[in-house]
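Comments concern the structure below.
Coordinate-derived values only; no laboratory data. None of these values were measured; they are calculated from a predicted model.
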Amino acid sequence: MNLLWVMLGGFFGAIARYTLGEWMPAANGFPVGTMSVNLIGCLFLGWFTAFISYRKNTSSVIPLLVGTGFTGSFTTFSTFSVETFQLLEQQFYFMAFLYVLGSLTIGILLAFAGYRLGFQSERGEHH
């Protein structure tokens, strides 16, 4: 049954990722769509992880559906890796550097911010 919840979340995450990626095409070769999807996913998963971890009576289905299924399918490390390789192959070294550095740095900062927001929203803090 758990696999079914992951698959259902993954189905909707893949649709959301595809739609957002189509809406935000590459700009001068820079993979804006993939970077945006991954950064949104970092913020969301940070928030969701904190928010759900402080809830006592949450069904174990919710993290599988939303965290593993939806967010796991929405974000894409493999596309990030291939696009980085393609930038390097085309000798867009600086763009590749910015893509990797920006994705990692901003992604980690957004995951942290999301976690803090999730923790604050659970505790009822509004700063």
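In table form, for the structure just shown:
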{"item": "Alpha-carbon centroids, the range 87-121 and the range 42-63: separation in whole Å", "result": "22 Å"}
{"item": "Relative contact order (%) - the chain, alpha-carbon pairs under 8 angstrom, separation at least six", "result": "41 percent"}
